[in-house]
Amino acid sequence: MNTNLVLSLEYKKPKLILKIFFFFILALLLSIIAGFTYLTIKTNSFIKEFALAANIDKKEVINTISNSIDQLQTNYRNIENLPKKYNFLVLGTDKLSGRDGDPELTDSILFLQTDFTKGKIKTLAFPRDLYLEDYQTKINALYFYGQDRYPENPTQFPKEIIEKLSGQNIDQVIVIGIEDLERLISIVGEIEIDVPTSFTDSTFPVPGIDVSVVTDPKILYEEVSFNQGLQKMDSETALKYMRSRYSEGDEGTDEARAYRQQLVLEALLDQILTIRNPQKLGQLYRFYLDYFSSNIPLEKIIQMGTVFIDYMNTNQTEISFEKHQLSIYPENENGVIYNPPLWQSKQQWIYKIKDQNKFTESIHAIFN
């Protein structure tokens with residue numbers, strides 16, 4: 001009797017283990033299906049939100065992602081042959097609403113290089129009042145004159161001249177207006193800037209006012225102030241910070257203003273690299289389609305992205321920023337530009353190149 005009982009238990013034991021095993025397999029399959037379904041829903045939701053924010057069809061987003069992945073894989077197989085440095089000329093135009101009668105000058109002229117051999121993004125600001133003897137004009141008017149010389153591509157003229165002056169090839173030219181930059185910062189959200197020096201500008205021009213009609217200084221201008229230290233700025237505040245030019249002391253100089261522009265650009269790029277929200281990413285893509293896609297094709301961005309990813313995968317250090325400015329004589333005995341007396345420049349406050357060869361050599365030392 002006892003023997004039968006033991007045999008019976010031994011016979012049932014494998015069935016119980018088998019049931020447990022099948023139950024485990026079923027649970028595992030269900031968890032995989034649930035996980036896949038969750039990821040599919042999340043992915044579809046991400047693509048849907050991105051497409052809606054970018055104002056494009058969902059199918060177009062999927063095709064773009066698919067093509068981009070294919071190109072990324074192709075680029076990786078050819079990574080050794082891809083360029084590791086990319087040079088950009090960034091022209092910030094100062095044309096604002098209410099000032100339509102003014103020529104479209106470039107308020108900001110930045111040479112920007114992404115160097116993925118050293119993990120650096122370098123910028124050099126050219127003073128907007130740098131006078132070019134050979135062309136009898138200031139550097140900030142080159143884009144304006146380019147509209148007559150190259151109507152289909154006005155950026156070609158400043159590109160040619162700055163390449164000649166700097167001895168550097170320029171891969172892409174980016175033109176962005178003040179109001180467009182404000183929109184870009186609005187998409188990204190607040191940017192964080194460590195203000196090096198406090199200052200107050202009592203005559204900051206108020207945007208959106210028709211200066212051909214309004215003449216009252218109390219309406220045309222407002223006072224803006226910034227305190228030293230780390231602070232977050234929305235788009236309106238950031239633009240005031242980078243555009244202010246009439247404060248007292250050193251912060252009222254073109255050099256200080258150019259440095260603030262570089263600070264805003266650095267903070268903006270830092271913030272863009274942290275964005276994961278599909279709506280913001282979609283808005284950024286729409287911004288790219290509206291303003292940059294004709295000059296910088298998506299294939300070029302993916303190429304740079306491939307090199308960036310490769311750098312991050314093979315190095316322990318993050319990308320760092322370097323901000324540079326042209327040295328000024330006589331403050332710097334080796335300065336490459338100088339401010340001539342007003343009687344020599346027809347009462348215009350300008351900079352001139354002191355020695356063309358040294359000017360080019362100083363830029364070469366930064367970017368090569």
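The values are calculated or read from the model by the stated rules, or taken from the named source; none is laboratory data. Keep in mind it's a predicted model, so treat the numbers as computed, not measured. Because the Cβ atoms are built from the backbone with ideal geometry, glycine has one as well, and the counts that use them run over all protein chains shown. Heavy atoms of the whole protein, side chains included, go into the accessibility calculation; ligands, DNA and RNA do not. Shrake-Rupley method; radii C 1.70, N 1.55, O 1.52, S 1.80 Å.
Just one residue in the set Lys358, Lys346 is open to solvent by 80 Å² or more (accessible area, probe 1.4 Å) and at pLDDT below 90; that residue is Lys346.
When Leu263, Leu326 are screened for being in contact with a Gly (Cβ under 9 Å, 6 or more places away or on another chain), buried (at least 19 other Cβ atoms within 10 Å of the Cβ) and at pLDDT 90 or above, only Leu326 passes. Hey, could you check the range 328-368 for residues that are more than 25 Å from the chain's Cα centre (by Cα) and hydroxyl-bearing (Ser, Thr, Tyr) and say which is nearest to Leu112 (Cα to Cα)? It comes out as Thr360. Is it true that Ile47 is surrounded by fewer than 13 Cβ atoms within 10 Å (Cβ to Cβ) and farther than 22 Å from Tyr241 by Cβ? Here the answer is no, as Ile47 does not meet what is asked.
Here Phe287 clears all of (1) aromatic (Phe, Trp, Tyr); (2) open to solvent by 40 Å² or more (accessible area, probe 1.4 Å); (3) out of contact with any Lys or Arg (no Cβ under 6 Å at 6 or more places or on another chain); (4) modelled with pLDDT of 90 or more except the condition numbered (2). Please tell me if Pro154 is in a loop (DSSP other than H, G, I, E, B), surrounded by fewer than 19 Cβ atoms within 10 Å (Cβ to Cβ) and not aromatic (Phe, Trp, Tyr). So Pro154 fails the test.
Close Cβ contacts (under 7 Å, 6 or more residues apart or on different chains) running from residues in the range 189-200 that are aromatic (Phe, Trp, Tyr) to residues that are part of a strand (DSSP E or B) and surrounded by 17 or more Cβ atoms within 10 Å (Cβ to Cβ) comprise Phe199/Phe226.
When Asp100, Asp57 are checked against the criterion of being at pLDDT below 90 and acidic (Asp, Glu), Asp100 stands alone in meeting it.
Restricted to the range 48-88, and to residues that are of a type in the set (Asp, Glu) and assigned to a helix (DSSP H, G or I), which residue is farthest from Ile319 (Cα to Cα)? Checked the range 48-88; the qualifying residue farthest from Ile319 (Cα to Cα) is Glu60. Of all residues in the range 180-226, those that are farther than 22 Å from Tyr259 by Cβ and either in contact with a strand residue (DSSP E or B) (Cβ under 8 Å, 6 or more places away or on another chain) or open to solvent by less than 30 Å² (accessible area, probe 1.4 Å) (or both) total 8.
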